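In what follows, a single structure is set out as structure tokens and then discussed.
The values are calculated or read from the model by the stated rules, or taken from the named source; none is laboratory data. None of these values were measured; they are calculated from a predicted model. For neighbour counting, all protein chains shown are included, and Cβ atoms are generated from backbone atoms with ideal geometry for every residue, glycine included. For accessibility, only protein heavy atoms count, side chains too; no ligands or nucleic acids. Shrake-Rupley method; radii C 1.70, N 1.55, O 1.52, S 1.80 Å.
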Amino acid sequence: WSLGCIIYACLSGSLPFDHEKQEETIRMTLHEKLTFDLSVWQKISPLAKSLLTKLLEKDPRDRLTMD
């Protein structure tokens, strides 16, 4: 999860789930689907987006691991 957040931030300059209000950030992190709706994502490869989707999978049992 942490690696996904770092890669997302390096590629986009923002966090994957972020809001001014901490409660909203928590809600988004727990319940919202990962999106690539910022204009910067138009320049990012589908492979990178796929990696991020797998690293930021909410269910730890389904999340990509180092193994």
task = Collect the residues in region 47-67 that are closer than 10 Å to Ile7 by Cα and in contact with a Pro (Cβ under 9 Å, 6 or more places away or on another chain), keeping them in residue-number order.
result = Leu52
task = Find all pairs meeting these conditions: Cβ atoms under 6 angstrom apart; at least six residues apart or on different chains; first residue within region 46-62 and over 17 Å from Lys33 (Cβ atoms); second residue charged (D, E, K, R) and surrounded by 13 or more Cβ atoms within 10 Å (Cβ to Cβ).
result = none
request  = Please identify the pairs in which a residue from region 27-45 that is farther than 12 Å from Leu56 by Cβ has its Cβ atom under 7 Å from the Cβ atom of a residue that is open to solvent by 60 Å² or more (accessible area, probe 1.4 Å) and of a type in the set (Phe, Trp, Tyr), counting only partners at least 6 apart or on another chain.
outcome  = none
task = Starting from region 1-20, keep only residues that are more than 18 Å from Leu47 (Cβ to Cβ) and modelled with pLDDT under 95, then list their pairs with residues that are of a type in the set (Gly, Ala, Ser) and open to solvent by less than 80 Å² (accessible area, probe 1.4 Å) whose Cβ atoms are within a distance under 8 Å, requiring at least 6 positions of separation or different chains.
result = Leu15/Ala9
